[in-house]
Amino acid sequence: MEQLHDIVALLNKEQLCYYKDVIEGELAKEEESQLINQMIENSYGLKYETVRDTWQAVVDVFQKAIDDETEEV
């Protein structure tokens, strides 16, 4: 997850919100998500739950960064 925090440092609040919303939209599609299905198809051995949980962790980190930045203002 260290790399994810590196990505957060490169993005501003607007970008974090945008990417968080896009990922949440894909998560809402569940098994119909093109993002999740492409990852499963292109990575041998990955299961839906693993990919979903990983993207949910990304959303959580982005949300925390958004919240932290909002508190600073």
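Values in this text are rule-based calculations from the coordinates and carry no lab data. These figures come from a predicted structure and were not determined experimentally. Neighbour counts run over all protein chains shown; Cβ positions are idealised from the backbone, glycine included.
Cβ-Cβ distance of Lys29 and Ala9, R₀ of 30 Å, FRET efficiency by 1/(1 + (r/R0)^6): the value works out to about 0.55.
Using the Karplus relation 6.51 cos²θ - 1.76 cosθ + 1.60 with θ = phi - 60°, the per-residue 3J(HN,Hα) values for the stretch 30-35 come to 6, 5, 8, 5, 5, 4 Hz, with x marking Gly and Pro. Restricting the chymotrypsin sites (Phe, Trp or Tyr not before Pro) of the chain to loop positions (DSSP other than H, G, I, E, B) with no more than 15 neighbouring Cβ atoms within 10 Å leaves Tyr44.
Here's the list of lysines a cross-link from Lys29 could span, going by alpha-carbon distance under 21 Å and ignoring same-chain residues fewer than 8 apart: Lys20, Lys47.
Computed from Cα positions, the angle between helix 13-28 and the longest principal axis of the chain comes to roughly 30 degrees.
Sorted ascending by nearby beta carbons within 10 Å, beginning with the fewest, Leu16, Leu35 become Leu35, Leu16. Evaluating 6.51 cos²θ - 1.76 cosθ + 1.60 at θ = phi - 60° for every residue in the stretch 47-59, the Karplus couplings come out as 10, 3, 4, 5, 5, 4, 5, 5, 5, 5, 5, 4, 4 Hz, glycine and proline recorded as x. Placing +1 on the Cβ of every Lys and Arg and -1 on the Cβ of every Asp and Glu, with nothing else charged, gives the stretch 2-72 a dipole about its Cα centre of roughly 240 debye.
Positive-end ranking of Thr70, Gln34, Cys17 along the dipole of the chain, with charges on Cβ about the Cα centre, is headed by Gln34.
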